[in-house]
Amino acid sequence: MRADHASYACGAALGFLGDLATGDPRRGHPVAAFGRAAAAVERRLWRDHRGSGALHTALCAGGAAAGAALLARTVRTLVGPSRAADAALTAATTWAVLGGTSLVREARAIGDALAAGDVDAARERLPHLCGRDPQALDERQIARAVVESVAENTSDAVVGALVWGAVAGVPGLVGFRAVNTLDAMVGHKSARYRRFGWAAARLDDAAGWPGARLTAVLATLAGPDPRGARRAWRADGGRHPSPNAGPVEASFAGALGVRLGGTLTYGGRVEHRPVLNPGGRPVTAADIPRAIRLSRRVAALALLTTVAARSGAPQGSGADQERVNR
């Protein structure tokens with residue numbers, strides 16, 4: 001394994017373990033700081049126009065990736081070629097952009113509330129995990145929302161970032177998280193963001209495409225019913241309105257033997273989504289721990305897969321290759 005690949009592998013593994021051990025801090029998280037900066041830029045640029053939204057997306061996502069590249073270059077300039085420094089920067093960045101432990105923590109809290117029969121507490125906690133309107137949801141609908149969110153965010157909060165880290169190192173990690181955060185902020189179809197958020201949503205679709213497919217593959221391989229996962233993915237993954245959530249949620253549905261999709265409400269807006277794995281049974285609270293275990297297995301396999309893929313690459317890219325050539 002080449003030196004740059006070895007330092008990336010070490011850093012990515014340490015960052016993954018850091019997220020596993022600590023999760024996201026309640027205050028001072030770098031992603032939250034990026035969100036505040038993006039909101040400030042939005043206040044200056046907002047117009048009900050796609051062009052303004054595209055400029056906002058380019059400045060925020062491009063600026064984050066460029067800033068990460070500049071930071072990596074600055075560290076190398078100050079420290080010199082150093083595997084330890086490269087690994088430390090990769091570890092810190094990986095920890096900052098991954099959200100797997102926070103995802104599991106929120107899902108488990110809702111599952112525990114449902115298991116205790118406290119549906120009101122589960123409703124109160126649900127907005128920490130997803131943007132659905134919780135008040136009209138019964139126990140099974142809450143459980144379904146949690147399983148769908150665990151599936152989708154396994155890709156968004158873990159696998160997608162690891163994929164882009166393997167492709168482009170620290171700038172890839174930061175750039176993906178910036179794009180995904182912008183999509184969460186402005187990429188929905190509300191009256192304010194239908195045009196302004198179009199660019200962020202489309203860029204997130206493109207950036208999330210490889211991670212979503214890897215998530216679906218790994219959920220199929222790691223789940224309790226590989227044949228069911230593969231069948232649901234092939235039959236129903238393309239029916240979802242999101243090109244990336246569809247394969248992920250369908251593969252999780254098939255792997256767990258449950259039925260996902262259907263009617264849901266966001267911000268008072270009712271959506272009727274296709275049912276994924278219609279032959280499955282309705283989701284119950286007992287399926288939340290099963291979805292969490294599958295998410296954990298997929299995340300660990302994604303780390304191994306992406307590190308192996310980067311280690312097998314014939315050449316480093318960008319700043320990695322520059323360092324090797326010196």
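FYI, it's all coordinate maths here, none of it is from the lab. Worth saying up front: this structure is predicted, and the values here are computed from it rather than measured. All Cβ positions, even for glycine, are placed from backbone atoms using ideal geometry, and neighbour counts span all protein chains on display.
Counting 0.36 nm for each residue step from Arg281 to Arg202 and taking away their Cα separation leaves a gain of 25.1 nm.
The alpha carbon gyration tensor of the range 128-216 gives principal lengths a ≥ b ≥ c with a/c of 1.5 or higher and a/b no greater than b/c, which makes the shape oblate.
Helix 63-79 axis versus longest C-alpha principal axis of the chain: approximately 40°, rounded to the nearest ten.
Going through (1) 60, 46, 35; (2) 67, 47, 43; (3) 51, 49, 40, the figure that equals Cα extents along the principal axes in Å as computed for the structure here is (1). At the listed q of 0.11, 0.12, 0.24 Å⁻¹, the Debye profile of the range 1-88, built from one uniform point per Cα, gives log10 I(q)/I(0) equal to -0.48, -0.56, -1.15. Just checking the listed ones, Gly117, Gly261, Gly53: in the Gaussian network model of the chain with Cα springs under 10 Å, the one fluctuating most is Gly117. Shape class for the range 217-310: prolate, because the ratio a/c of the largest to smallest gyration tensor axis (alpha-carbon atoms, square roots of eigenvalues) is 1.5 or more and a/b beats b/c. The angle separating the long axis of helix 83-97 from the principal Cα axis of greatest extent in the chain is about 30 degrees.
Mind checking the angle between helix 139-154 and the chain's longest principal axis? C-alpha axes, 0 to 90 degrees, to the nearest 10. On a 0 to 90 degree scale, this one is about 20.
Ordered by the number of other Cβ atoms lying within 10 Å of each residue's own Cβ, fewest first, Glu148, Glu42 fall into the sequence Glu42, Glu148. Under 1.5 on a/c is rounded, so check that first for the range 38-129, then, if it is not, pick prolate when a/b is larger than b/c and oblate when it is not; a ≥ b ≥ c are the square roots of the alpha carbon gyration tensor eigenvalues. Here the range 38-129 falls in the oblate category.
Extension gain for the segment Ala309 to Ala54, taken as residue separation times 0.36 nm less the Cα-Cα distance, is 88.6 nm to one decimal. Taking 0.36 nm per residue of separation and subtracting the Cα-Cα distance, full extension of the segment from Arg194 to Ala136 would add 18.3 nm. Between the beta carbons of Arg297 and Glu271, assuming R0 = 30 Å, the FRET efficiency works out to 0.50 to the nearest 0.05. Counting neighbouring beta carbons within 10 Å and listing from fewest to most, the residues Tyr8, Tyr193 come out as Tyr193, Tyr8. Taking every alpha-carbon pair under 8 Å whose residues sit at least 6 apart, the chain reaches a relative contact order of 22 percent. Of His240, His56, His29, the sequence from fewest to most neighbouring Cβ atoms within 10 angstrom is His29, His240, His56.
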